[in-house]
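Every number here is computed from the coordinates shown, using simple stated rules; none is lab data. None of these values were measured; they are calculated from a predicted model. Note: ideal-geometry Cβ built from the backbone for every residue, glycine included; neighbour counts use all protein chains shown.
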Amino acid sequence: MNFDEFTGQVQHRLELPGIGETMRAIRATLMTLGQRIPEDAAEDLAASLPMEIRWYMTGAVHKHGQRFDWKEFVSRVSEIERVDPPEAAYHARVIVDLVSTQVPPSDFQQLCDQLPESQNDENWRKLFKVVDAGGWGDAEEAQTCGGPQPESNGETATDANDNDSFDSSE
């Protein structure tokens with residue numbers, strides 16, 4: 001997949017209005033992920049991505065292997081992307097799902113293995129919700145119209161699953 005196809009897929013899946021918002025979402029997710037994982041893992045993962053996208057995980061990152069949890073990841077993505085945390089979490093999940101389709105399974109598994117799974121805020125499985133659900137597909141896209149949908153209580157599915165992780169008063 002080349003740069004235009006990758007960014008086009010992200011823009012379509014996230015229903016973003018323009019390339020600026022799309023690039024900001026990609027940069028926020030991949031740069032923050034690159035900060036969290038070791039440099040060699042970031043290089044392996046990024047190697048299969050378009051050159052212009054690869055740079056966000058490697059060249060744009062000044063310090064790899066930082067220790068922070070899922071909540072901090074979402075906070076950083078939210079700040080860079082300039083969106084609310086639930087939206088940033090959703091964007092990151094969709095972007096990581098697209099990345100999973102572009103990289104060798106062994107490199108993606110290495111990423112999953114490097115991010116701990118637990119029952120607290122450190123639980124990085126939240127990042128892989130779309131991947132774990134079988135990925136972005138035509139049926140899912142048709143059902144969700146490309147984004148989080150309201151549930152009966154007025155929250156989006158993303159909000160309902162993550163409210164405990166994004167209390168703005170903390």
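At a Förster radius of 30 Å, what calculated FRET efficiency corresponds to the Cβ-Cβ distance of N123 and M1, to the nearest 0.05? For N123 and M1, the calculated efficiency is 0.55.
Per-residue Karplus couplings for segment 6-15, computed as 6.51 cos²θ - 1.76 cosθ + 1.60 with θ equal to phi - 60°, are listed in order as 4, 5, x, 4, 4, 4, 5, 5, 8, 6 Hz, Gly and Pro entered as x.
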